[in-house]
Amino acid sequence: MASQQKSGGDVNVPALLDLTIDNITPNTIRINSQSSNARLTYLMSRLVTHLHDFARETRLSTDEWMAAITFLIGCGQISNDVRNEFILLSDVLGLSLLVDNINHPKPAQGTEGSVLGPFHTHDAPTLPNGACMTADPEGEPMLALCTVKDTAGNPIPGVKIDIWETDSSGHYDVQHADRDAPSERCVMVSDDEGKFWFQGLKPVSYPIPHDGPVGKLLQLLKRHCWRPAHVHFMFGKDGWDRLITALYLRGDPYETSDAVFGVKQSLIIDLDRVDKETAEKYGVKEGIWLLKYDFVLTTQEETEKLKDRLAEEALKKLGLSLKLVDHLPVPDLD
């Protein structure tokens, strides 16, 4: 196939054919296939294929195409340092959970992941075990007693744990214009027995931001914008697969219709009440809410092996001739 040299650089561009509805896809893929990065080439090939097939299958109109572009522009315009509308869009389309499940599969013993959400920050204070991470006097106090273990039941010390939740009004601290310090969030480290414990609030249901493009999309789809009550957790330690998850309260009215698809049965919990002995041991009031949960992490090696096996099974099922490079599929040209 003849090629053309682009002025200003040594780039050989394949000559395009007389473009039609039927051949625009292979032409676009061919001109995008000059990179030495096999993974990038593969990603662009599949992206173009599915986008073009979508347009052909739906007979996408010019007005609809422009509406989609305007929608994406709006997502960018409303995003800022504390609000990312594109993450929200990924969440409500179920893509965030799908990508997490693909990249961080869990064996039967491992704690399942959930969505990160748009309100995690990097300024949470590191607090000692037992500390209170909330400054909200209106919420219902809750003591959380947790452990971090491996799949064999051994405690994992020294795990960094990010924890965050809303206040009693259903807002994260970054949603308040007068925020002057982090609240309802902290970082802790598991002790020698893999334990960590903290004081927070009984979580409440809350709406995701719905005053922007994503909120308007949900309205058009006749979907609500609510998330069930939950607390976020993120676990990190060298040699261990990062776990982003959340615990959800059983019986929440939005338990089965989470706007961002984060709920999994294994992550639904019941709260208890702190008895006298526990209150004295942890220095809290008797009768406040009690959350107890044992988190199970998997090693990086365990996760990579499981990820590779599941990828190979999925590719075989799809009839694709691919190989894995750095645990990611690329065309097998050998």
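Filtered by the rule that a residue be loosely packed, with under 15 Cβ neighbours inside 10 Å, assigned to a strand (DSSP E or B) and not basic (Lys, Arg), the range 272-292 gives a lone residue, 272. Exactly one residue out of 217, 247 is assigned to a helix (DSSP H, G or I) and among the hydrophobic types (A, V, I, L, M, F, W, C), and it is 217.
Remark: pairs (first residue in the range 66-82, without any contact (Cβ under 8 Å) to a residue 24 or more places away in the chain; second residue part of a helix (DSSP H, G or I) and not small (Gly, Ala, Ser); Cβ separation under 6 Å; 6+ apart in sequence or on different chains) = 79/85.
Would you call residue 143 modelled with pLDDT of 95 or more and in contact with a Phe, Trp or Tyr (Cβ under 7 Å, 6 or more places away or on another chain)? Walk me through it before giving the result.
On the way: modelled with pLDDT of 95 or more: yes; in contact with a Phe, Trp or Tyr (Cβ under 7 Å, 6 or more places away or on another chain): yes.
Criteria met by residue 143.
Among 278, 298, which is touching a Ser or Thr at 6+ places or on another chain (Cβ under 9 Å), closer than 20 Å to residue 190 by Cβ and modelled with pLDDT of 95 or more? I'd like the intermediate steps shown before the answer.
On the way: 278 fails: touching a Ser or Thr at 6+ places or on another chain (Cβ under 9 Å).
Result: 298 is the single residue among 278, 298 that is touching a Ser or Thr at 6+ places or on another chain (Cβ under 9 Å), closer than 20 Å to residue 190 by Cβ and modelled with pLDDT of 95 or more.
Taking the numbered list (1) among the charged types (D, E, K, R); (2) touching a residue at least 24 places away in the same chain (Cβ under 8 Å); (3) out of contact with any strand residue (DSSP E or B) (no Cβ under 7 Å at 6 or more places or on another chain) in turn, residue 276 passes all entries but (2). Going residue by residue through the range 117-134, is there one that turns out to be under 22 Å from residue 229 (Cα atoms), loosely packed, with under 12 Cβ neighbours inside 10 Å and of a type in the set (D, E, K, R)? No: zero hits.
I'd like to verify a number: residues in the range 188-203 that are aliphatic (A, V, I, L, M) and either crowded, with 18+ Cβ neighbours inside 10 Å or in a loop (DSSP other than H, G, I, E, B) (or both), how many?
Residues of the range 188-203 aliphatic (A, V, I, L, M): 188-189, 201.
Going one step further and asking which of them are either crowded, with 18+ Cβ neighbours inside 10 Å or in a loop (DSSP other than H, G, I, E, B) (or both), we end up with 188, 201.
The qualifying residues number 2.
From 180, 123, 167, which residue is of a type in the set (Asp, Glu), more than 22 Å from residue 292 (Cβ to Cβ), touching a helix residue (DSSP H, G or I) at 6+ places or on another chain (Cβ under 8 Å) and part of a loop (DSSP other than H, G, I, E, B)?
Values: 180 fails: touching a helix residue (DSSP H, G or I) at 6+ places or on another chain (Cβ under 8 Å); 123 fails: touching a helix residue (DSSP H, G or I) at 6+ places or on another chain (Cβ under 8 Å).
Result of the check over 180, 123, 167: 167.
Could you tell me whether any residue of the range 90-104 is surrounded by 12 or more Cβ atoms within 10 Å (Cβ to Cβ), hydroxyl-bearing (Ser, Thr, Tyr) and in a helix (DSSP H, G or I)? Before you say what the answer is, go through the steps one by one.
Of all residues in the range 90-104, those surrounded by 12 or more Cβ atoms within 10 Å (Cβ to Cβ) come to 90-104.
Pick out the ones that are also hydroxyl-bearing (Ser, Thr, Tyr) and you get 90, 96.
From what is left, the residues that are in a helix (DSSP H, G or I) are 90, 96.
Yes, that holds for at least one residue.
Screening the candidates 108, 144 for the property of being part of a loop (DSSP other than H, G, I, E, B) and among the aliphatic types (A, V, I, L, M) yields one hit, 108.
For the range 236-270, a residue qualifies if it is surrounded by fewer than 21 Cβ atoms within 10 Å (Cβ to Cβ), in contact with a Leu (Cβ under 6 Å, 6 or more places away or on another chain) and under 24 Å from residue 141 (Cβ atoms), and the qualifying residues are 267, 269.
The values are calculated or read from the model by the stated rules, or taken from the named source; none is laboratory data. Just so it is clear, the structure is predicted and the values come from calculations on it, not from any experiment. Reconstructed Cβ throughout: ideal geometry from the backbone, glycine too, with neighbour counts over all protein chains shown.
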